Amino acid sequence: MHHRLTLLKVRRCITFACAMLLALSSNGFGGSGSSGDTVQRVWTAYTQAQRQFQRELADFLISRRPDLKDLIVLSRDLQLALIERRSLEFRSLLATHPERIVRSQGISKLANYDWTDEDATILRRSNAEYDKATERVRALRDQSDGHAQWPTLRDAMKTFATEAEYQMVFQRFDERVEAAGKLLERRR
C-alpha cells in the first residue's frame, strides 16, 4: 500500500511539473503569445487531464472489479473517443469561428462551446478524421448502451466512492483541470 501511495505522489509531482512547464513555455519562454496558440495549449492541457482521468479511473475500477473489465474498458474507450471528437470540433471552431469560444469565463465555459449540427455537417464533409471519430463514438455507444453489467458497475462505483484511492483519482483530475484553467487565466 505504501508503495502504491508513493507512486501516486510521484505521478502527481510529474503531472504538476508538466503543467508548469507547459505554462512557462507559453509565457515568455519561446511561446508565440498569440491568443489562438494559447487557447490551443489550454485545450490540450484540459483534454490531457480528461484522458488521464479516464485511464486512471478505468485502472482503479479494473483492479477492484476485474469481472467487469470488458464494460470498464468499453466505457473508458467511449469517453476517450468523445474527447477526441470534441477536440476535432474545438480545433475546427478555433480555426473558423474563434469568436464562438468563450475565453474570459474560465475553463468550463471554454470547454462547453456552442457546437451546432451545421458545424458538424461542415466538418464531416471537410475532415475525414471527424467522420471516423463520429462513427467510432456511435459504435462504442451502441455497445455500451444497455450493457447488462451497467447496474453492477454503478453499484460498485457507489461502494468505491468512500475509498481514499478512488477519491484521489478525482482529486488528481480536479488538480489537472485547475492547472489548465490557470493557463487560461494567465492569458487574460
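Bear in mind that the values in this text are calculations on the coordinates, not laboratory data. Predicted model, so just to flag it, every value in this text is computed and none were measured. Don't worry about glycine lacking a Cβ; one is built from the backbone with ideal geometry, like all the others, and counts go over all protein chains shown.
Listing for the model above:
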quantity: Radius 11 Å from Cβ of residue 73, net charge of other residues (Lys, Arg +1; Asp, Glu -1); calculated: 0
quantity: Residue 97 paired with residue 155, simple spin-label distance in nm, labels 7 Å along Cα-to-beta-carbon; calculated: 4.6
quantity: Where GluC sites (Glu not before Pro) fall in DSSP loop in the stretch 94-188, at most 16 other Cβ within 10 Å; calculated: 163
